[in-house]
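Note sheet for the following structure.
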Amino acid sequence: MLKISSLVSGIGLLLSVCCCFWQCAPSESTSADTTASTEPAKDTLSFCLLNYYEPLSDEKRGGIYEDYATYLAERLDKVPKFVYLNSAYFNRPVRDGIRKGICDCQMGHPIEEEEPWLIPKKVRQSHAYTSIGYALATADPEIQDLEDLAGKRVVAMAQAPPMTTLGDLEDIRLQIMINEQKMMELLDQGEVDAVVAWGPKLYQLNQDNFDSRFKVYNTSYMWKVAILTQDKDSVLMDEINGIIDEQPGKFQAIAAAYGL
């Protein structure tokens with residue numbers, strides 16, 4: 001009886017020690033949480049983008065420029081912040097955005113020449129990272145550029161620069177509209193031979209709403225696009241240019257998901 005009693009007492013003592021050790025030992029998740037909470041918060045990098053500019057940028061739906069800006073911020077180990085502008089024409093986006101100092105970078109600004117300054121000593125511009133402009137959509141294999149539209153039935157975007165070329169073509173039967181979806185519906189119904197409109201939107205509509213059954217071609221009305229920063233941000237601009245040069249195909253890889 002004495003041996004059995006001693007054995008039971010020994011087992012009880014051992015269990016008490018184990019329980020005490022288990023309760024006192026710090027858990028792995030607690031240690032990880034403590035480590036995570038001591039890490040400094042990342043700096044933000046703010047981007048000005050145009051609103052209602054799908055598929056490039058839209059405050060509610062995001063877009064290609066927002067995705068590319070997120071990529072740039074992550075490469076620079078920063079958290080992206082987006083400032084949407086409702087300015088669209090002439091130099092108002094620049095005036096209302098980067099010139100006001102409300103963002104660190106301005107996305108998607110068309111440039112005429114690859115120079116370090118958009119406005120000397122005031123606004124810097126990056127290397128071009130893509131080109132955007134007007135495109136044509138068609139199901140006719142004989143149509144690949146604007147000059148092929150002579151004698152064809154065409155619906156074109158109102159006040160679009162390609163109207164300069166279209167107006168000089170012989171026997172063209174031209175309609176003018178402003179709604180790209182309705183323009184593509186005319187093409188789908190066989191009422192026109194081609195659509196000429198804002199390229200990014202045509203590519204997106206063709207993929208999302210028309211199962212990519214039309215060919216979409218860029219026209220000669222294309223512009224290189226750059227990122228703008230404030231004049232004081234020379235280091236930031238050098239970092240952005242380095243990323244653009246290192247991964248020249250990154251923007252196109254992102255845009256491909258939107259049909260471009």
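Values quoted throughout were computed directly from the atomic coordinates according to the rules given, and no laboratory measurement underlies them. Predicted model, so just to flag it, every value in this text is computed and none were measured. Here the Cβ positions follow ideal geometry from the backbone for every residue, glycine too, while neighbour counts run over all protein chains shown.
Projected label points at D140 and E114, each 7 Å from Cα along the beta carbon direction, are separated by 3.6 nanometres. Prolate is the label for region 176-234, because a/c, from the alpha-carbon gyration tensor with a ≥ b ≥ c as root eigenvalues, is 1.5 or above and a/b exceeds b/c. Considering only beta bridges that DSSP places wholly inside region 117-256, some 70 percent are antiparallel. Ordering K42, K201 by the number of other Cβ atoms within 10 Å of each residue's own Cβ, fewest first, gives K42, K201. Calculated FRET efficiency, Y217 and S87, Cβ-Cβ r, R0 30 Å, to nearest 0.05? With a Förster radius of 30 Å, E is 0.50. For the pair A256 and K100 in one chain, pulling the backbone fully straight at 0.36 nm per residue adds 52.9 nm over the alpha carbon distance. Note on K122: aspartates and glutamates with a C-alpha under 15 Å away, same-chain residues under 8 apart excluded, are D96, D104, D231, D233.
From the largest down, region 39-162 spans 64, 33, 25 angstrom on the principal axes of its Cα atoms. Which of K42/K121; K182/K215; K42/K81; K60/K81 have a Cα-Cα distance over 21 Å? In this structure, K42/K121 lie more than 21 Å apart at Cα. Each of the peptides 137-147, 190-200 was scored by the mean count of other Cβ atoms within 10 Å over its residues; in descending order, highest first, they stand as 190-200, 137-147.
Convex hull volume of the Cα atoms of region 134-221, normalised per residue: 76 Å³. Counted by neighbouring Cβ atoms within 10 Å, the residues L186, L228 run from fewest to most as L186, L228.
Translational diffusion of region 89-163, estimated by Stokes-Einstein from the Kirkwood radius over alpha carbon pairs at 37 °C in a medium of 0.692 mPa s, is 210 µm² per second. Label-to-label distance for D245 and L174 is 4.3 nm, based on points extended 7 Å past Cα in the beta-carbon direction.
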